[in-house]
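Visitor: Sharing a structure below in structure tokens format, with a few things to ask.
The values are calculated or read from the model by the stated rules, or taken from the named source; none is laboratory data. These numbers come from a predicted model, not from an experiment. The accessibility values were calculated without ligands, DNA or RNA, using every heavy atom of the protein model including side chains. Shrake-Rupley method; radii C 1.70, N 1.55, O 1.52, S 1.80 Å.
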Amino acid sequence: MSKIKRLIKSYNKFIEIPWRTDTAPAQRVIFGVYNETDELRLQAAIDEFEIVTNKSGHGWAVFDLTNTFANWLADQRYAKSYFQKPHLLSTLMPRYLTYIIQEFDKFLQANSVNEESVVALKGVGSLFGFLKVKEVVDGLAPLVEGRLLVFFPGSYENNNYRLLDGYDGWNYLAVPITADKDLE
């Protein structure tokens, strides 16, 4: 069985468990951790995550981060100057985070997401070099009443997450689901 199929199986076992309603936003986050080399396989299998979520009686919505940076930068008044002097972009990253949070909130409203829904976050690898995933998850998690599933290309070991195995890791309260182990 492929790693992505095993990840789906592990996710299915977790999502079938009855949800507590008294959990903090950070505890309602699920990290679906997979090797970054399996990105295309995961993208092709996202519908399977939806199927097992729906079979468990939960709603499903997918928010894609992949093009958010390009869309945000294109709307900036001085976008051309940022292409000429990209080092200036670092001062704008808090605005990019605000943009993501605002777009996510609009998405939730448009998709009628409720406390029985899973909101999947894909394209997380596109944040690499711009924002830390922890900052984005901390901003988005309180907006989701149900569960936030973060498709995370990287690694999880000893309660430590590493995006694309490139950054120093960080600890997070989320539930890690991996292809190797059912639940941590």
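Visitor: Given Lys122, Lys181, which one is open to solvent by 10 Å² or more (accessible area, probe 1.4 Å), within 23 Å of Lys9 (Cα to Cα), among the basic types (Lys, Arg) and modelled with pLDDT under 75? Outline the logic, then answer.
Guide: Numbers: Lys122 fails: modelled with pLDDT under 75.
Testing whether each residue is open to solvent by 10 Å² or more (accessible area, probe 1.4 Å), within 23 Å of Lys9 (Cα to Cα), among the basic types (Lys, Arg) and modelled with pLDDT under 75 leaves just Lys181.
Residues are listed down the side, and each one gets a yes or a no for (1) open to solvent by less than 90 Å² (accessible area, probe 1.4 Å); (2) of a type in the set (D, E, K, R); (3) assigned to a loop (DSSP other than H, G, I, E, B):
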{"residue": "Ile17", "(1), (2), (3)": "yes, no, yes"}
{"residue": "Asp22", "(1), (2), (3)": "no, yes, yes"}
{"residue": "Ile30", "(1), (2), (3)": "yes, no, no"}
{"residue": "Thr37", "(1), (2), (3)": "no, no, no"}
{"residue": "Leu42", "(1), (2), (3)": "yes, no, no"}
{"residue": "Ala45", "(1), (2), (3)": "yes, no, no"}
{"residue": "Val52", "(1), (2), (3)": "yes, no, no"}
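Visitor: If you don't mind, another one. Somewhere in the range 74-91, is a residue under 22 Å from Ala141 (Cα atoms) and either part of a helix (DSSP H, G or I) or open to solvent by 80 Å² or more (accessible area, probe 1.4 Å) (or both)?
Guide: Here is the first cut: in the range 74-91, the ones under 22 Å from Ala141 (Cα atoms) are none.
Checked the range 74-91: no residue is under 22 Å from Ala141 (Cα atoms) and either part of a helix (DSSP H, G or I) or open to solvent by 80 Å² or more (accessible area, probe 1.4 Å) (or both).
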